[in-house]
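Working notes for the structure below.
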Amino acid sequence: MSVSIPQPFVTNVGVAQPFRVRAEGIPSDYTFGVTELPAVNIHVEELPTIRLSVDNVARIPVAFEPIEIRLTEIPSVRTHLPADFAVGFSVWGTEIGAIRLCGEAQVITEPYRPNPCEQCGSPNVRPDEPLNRPEG
C-alpha cells in the first residue's frame, strides 16, 4: 500500500494576511507490508493423570424359575389373509407387462365348514357332520 503526497506541499490559511508554508523533506511514497510472521507455539506441557476404578460392587443374584410351555392342542382358527401378487417385466424401471393375482388366502385349523359365501355348487356334506346353513 502506498500514499502519494504532492511536492511541494502548499497550504492556505484564511487569516488577515495570507502566507505560504513550504514543507520540504517529507517523503512522498510510503510502503506498508507484513514481511515476517513470528513463530507461534502452542502446546500442553503436562496433563493430569486420571484414574477410574470401581471397587466393592455388590453382587446381584439373578435366578430364573423354570418355564414350561406345552402345546396340547392347536386352536381352532380361521384366519383371512389379503393377497396381492404381481409378476411382471420391466425395463429401466418402466413396466412393460405384468400379471396381477389378488384375492384372499385363508389359514384354517378348524374343521372346514364353508361359509355361505364360499359355496359354489351343491354342498358336499359328510353324513357324520351337521350342515350349518343360515335359516331364511
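The values are calculated or read from the model by the stated rules, or taken from the named source; none is laboratory data. Predicted model only: the values in this text are computed from it and were never measured. All Cβ positions, even for glycine, are placed from backbone atoms using ideal geometry, and neighbour counts span all protein chains on display.
Filter segment 90-100 down to residues that are surrounded by 10 or more Cβ atoms within 10 Å (Cβ to Cβ) and either in a loop (DSSP other than H, G, I, E, B) or not polar (S, T, N, Q) (or both) and give me whichever is modelled with the highest pLDDT. Give the derivation first.
Quick first cut of segment 90-100, residues surrounded by 10 or more Cβ atoms within 10 Å (Cβ to Cβ) only: 90, 95, 98.
Keeping just the survivors that are either in a loop (DSSP other than H, G, I, E, B) or not polar (S, T, N, Q) (or both) gives 95, 98.
Values: GLU95: 88, ALA98: 91.
Out of the qualifying residues, it is ALA98.
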Within segment 71-83, can you find the residues that are assigned to a loop (DSSP other than H, G, I, E, B), closer than 30 Å to GLU118 by Cα and of a type in the set (A, V, I, L, M, F, W, C)?
ILE74, VAL77
Would you check if GLU36 is touching a residue at least 12 places away in the same chain (Cβ under 8 Å) and within 30 Å of ILE5 (Cα to Cα)?
no
Hey, among GLU36, GLU68, which residue is over 30 Å from GLU110 (Cβ atoms), at pLDDT 85 or above and outside any strand (DSSP E or B)?
GLU36
